[in-house]
Structure formats: structure tokens, C-alpha cells
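Below is one structure; the comments refer to it alone.
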Amino acid sequence: FTPFTALFRPEEGRMGTVVTFLAVLELLRETLLELAQAEPFAPIYLRKRL
């Protein structure tokens with residue numbers, strides 16, 4: 001699994017975070033990614049579906 005925060009750089013700012021988040025949502029909708037989160041407000045982890 002890859003942490004969600006590893007998918008963007010701080011210098012991309014808020015817009016980079018939003019664009020990355022929307023791209024992740026689209027990939028989840030297409031079932032190309034798998035998401036894991038242990039509990040509410042815990043870190044989000046992603047991985048490519050096999």
C-alpha cells in the first residue's frame with residue numbers, strides 16, 4: 001500500500017491535493033485502485049488492484 005500523502009508534493013498546494021484526490025476517486029470508481037483506512041481520520045492507503 002502507498003500512503004495517500006505520498007501521491008503529491010507540498011509545493012503543489014491545495015489545488016494539487018484536490019486534483020490528486022479527484023483522480024483517486026475516479027480510479028476507485030473504475031475499480032482500478034483499492035483503498036484501506038483502519039479507522040476514521042486514520043491515514044489513507046492505496047494500491048493498484050490486481
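The values are calculated or read from the model by the stated rules, or taken from the named source; none is laboratory data. Owing to the predicted nature of the structure, the values given are computational and were not obtained by experimental measurement. Positions of Cβ are generated from backbone atoms using ideal geometry, with glycine treated the same way; all protein chains shown enter the neighbour counts.
If you go through the stretch 16-50 and keep only what is modelled with pLDDT under 95 and exposed (fewer than 10 other Cβ atoms within 10 Å of the Cβ), you end up with just Leu50.
Condition first: over 15 Å from Pro3 (Cβ atoms) and out of contact with any strand residue (DSSP E or B) (no Cβ under 6 Å at 6 or more places or on another chain). Now tell me which residues in the stretch 15-27 satisfy that. If you could, list the steps in order and put the result at the bottom.
Looking only at the stretch 15-27, we keep the residues that are over 15 Å from Pro3 (Cβ atoms), and these are 15-16, 18-19, 22-23, 25-27.
Of everything in the stretch 15-27, those that are over 15 Å from Pro3 (Cβ atoms) and out of contact with any strand residue (DSSP E or B) (no Cβ under 6 Å at 6 or more places or on another chain) turn out to be Met15, Gly16, Val18, Val19, Leu22, Ala23, Leu25, Glu26.
Residue by residue through the stretch 3-44, note down the ones that are aromatic (Phe, Trp, Tyr) and in contact with a Leu (Cβ under 8 Å, 6 or more places away or on another chain). Once the filter is applied, which keeps residues that are aromatic (Phe, Trp, Tyr) and in contact with a Leu (Cβ under 8 Å, 6 or more places away or on another chain), the stretch 3-44 yields only Phe4. Looking across the chain, the residues that are without any contact (Cβ under 8 Å) to a residue 12 or more places away in the chain, charged (D, E, K, R) and either out of contact with any helix residue (DSSP H, G or I) (no Cβ under 9 Å at 6 or more places or on another chain) or assigned to a strand (DSSP E or B) (or both) come down to Glu11, Arg14, Glu26, Arg29, Glu30, Glu39.
Do we have Thr20 as among the β-branched types (Val, Ile, Thr) and on the phi > 0 side of the Ramachandran plot here? No: the conditions fail for Thr20.
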